[in-house]
Each structure stands twice: as C-alpha cells, then as structure tokens.
Amino acid sequence: DARVTQTPRHKVTEMGQEVTMRCQPILGHNTVFWYRQTMMQGLELLAYFRNRAPLDDSGMPKDRFSAEMPDATLATLKIQPSEPRDSAVYFCASGLITGSGNTEAFFGQGTRLTVV
Amino acid sequence: GESVGLHLPTLSVQEGDNSIINCAYSNSASDYFIWYKQESGKGPQFIIDIRSNMDKRQGQRVTVLLNKTVKHLSLQIAATQPGDSAVYFCAENTGGFKTIFGAGTRLFVKA
C-alpha cells in the first residue's frame, strides 16, 4: 500500500531551535508539495518540487524556512530559528505529473509542530 | 479535528440524505479541480477530480459539478453516511501544477 510517510508525527520545540521535518514521497511520484495547516489560514502551499527541482516556494517565509530534496526518496522542510507562530500541522504530498496533465496529490499524515 | 479551522462553514445532514457542498474558486485560468476529504488527525484524502473541459463527473456515491461561467464547483454525496463526516476541501490547479486549497466545509452527518 503506497503512501507518503512523514516524520516526526509530533514535535514540540522551544523558540529559537531548528526544526527538520522529513517526507518520503510515494515511489515513482515526480512532484512533492509542502503545505501548512492552521486554524486561521487553512491549508497554505509553502513550496513544491518537480523532479527534485524547486518550482515555487513563494508561499514560504524565506528568512527562516528552507525546503530541499536531497534525493528522490526524501524531502525536507527546515525552520531555523523556529517561532511560536510556526506552530501548525505541516503536510507533505506527492503526485505524478505527466505530459497528459496533472493528477491528484497524495498526502502524508502530517507533522504537528508546537513551538513554545 | 484540531488541525482544521474552527470557523468553517458547516453543513449538517441526516444520515441517508444527499449532501451538496459548494465551492467558489478564484482563478479563471485553473484547469483542474479536486475534492479532498479530511478526517480528524489525518491528511486530506482524494475523493474525485474534474478537468475544465468537463462539467460533470461521477464516482461512487459522489458527483462533482463544474460551472466555469461563475467559477463554481460542487460536490454531491448521495445517501450520506456517518463515515462521511469530515472537512471537505475543493482545490484548484492554477497552472504549473500549483494546487491551491479552499477554506473547507465541515460536514456533520446525524444518525
């Protein structure tokens, strides 16, 4: 049963600390998305990659957030330094984009981040 | 669940009735639309999609209608069941495969 795997599921950290969230996309998918979900803002697209190259990270605060794909099986989202306002659930999703068009994204279970 | 907004529009239906969830999208250039279901503590899950060259698509118990003239999307769930209780999001692809989500609607199914 192919699925997107995110680690950790929960993270509590102190303000100022670095946070790294990891995502293993579904094997064979060529597009990876990072979303943030909060009560006030709903689901916000932070960044997305196609074939490991960043296509759009305009939704991400550049000064403290960074997203990378070191290889096809791993995507990371880092926050340094973390702030209480970063508290949210962070979702990774992957999908397969082909020449015939886009398809739906498959979501992981999310990482619940709490910054105190 | 605690991962979604407290102030979402809410639809309450009786078990067995049909549900209709509406969504207005923003970009007239969007060419692909998806409905997702999110249960408490889980990530959004794909329900059904539709491309802009169609105005209706049916799945198992679900139908999506697209009205490009007024930029409106709806999800119809037939014979709604308690397991359908969740938050439902419409999402649009705005080009470059960038998927943007709407605010969501919370569906309560009364037994």
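The numbers here are math on the coordinates, done by the rules we state, and not lab data. Keep in mind that what you see is a predicted model, and the values were worked out from it rather than measured. For neighbour counting, all protein chains shown are included, and Cβ atoms are generated from backbone atoms with ideal geometry for every residue, glycine included.
Counted as qualifying within the range B:42-87 are the strands (runs of 3 or more DSSP E) with 1 or more residues that are within 26 Å of A:Gln37 (Cβ to Cβ), namely B:45-51, B:62-67, B:72-77. Contact map, the range B:40-66: residues that are more than 8 Å from every other protein chain (Cβ to nearest Cβ) paired with residues that are of a type in the set (Asp, Glu) and not in a loop (DSSP other than H, G, I, E, B), Cβ distance under 8 Å, separation 6+ or inter-chain. Pairs shown: B:Arg57/B:Asp49; B:Val64/B:Asp49.
Among the candidates A:Thr114, A:Thr76, A:Thr103, A:Thr98, single out the residue that is of a type in the set (Ser, Thr, Tyr), within 30 Å of B:Arg51 (Cα to Cα), surrounded by fewer than 21 Cβ atoms within 10 Å (Cβ to Cβ) and more than 10 Å from chain B (Cβ to nearest Cβ). Every option except A:Thr98 fails the conditions. Answer with yes or no whether A:Ser82 is hydroxyl-bearing (Ser, Thr, Tyr) and part of a loop (DSSP other than H, G, I, E, B). Yes.
What are the residues in the range A:15-70 that are part of a strand (DSSP E or B), acidic (Asp, Glu) and farther than 19 Å from A:Phe107 by Cβ, if any? Listed by number, the list holds a single entry, A:Glu68.
Within the range B:100-111, residues that are within 21 Å of A:Ala47 (Cβ to Cβ) and within 14 Å of another protein chain (Cβ to nearest Cβ) have Cβ atoms under 7 Å from residues that are among the charged types (D, E, K, R) and crowded, with 20+ Cβ neighbours inside 10 Å in these pairs: B:Ile100/B:Glu92, counting only partners at least 6 apart in sequence or on another chain.
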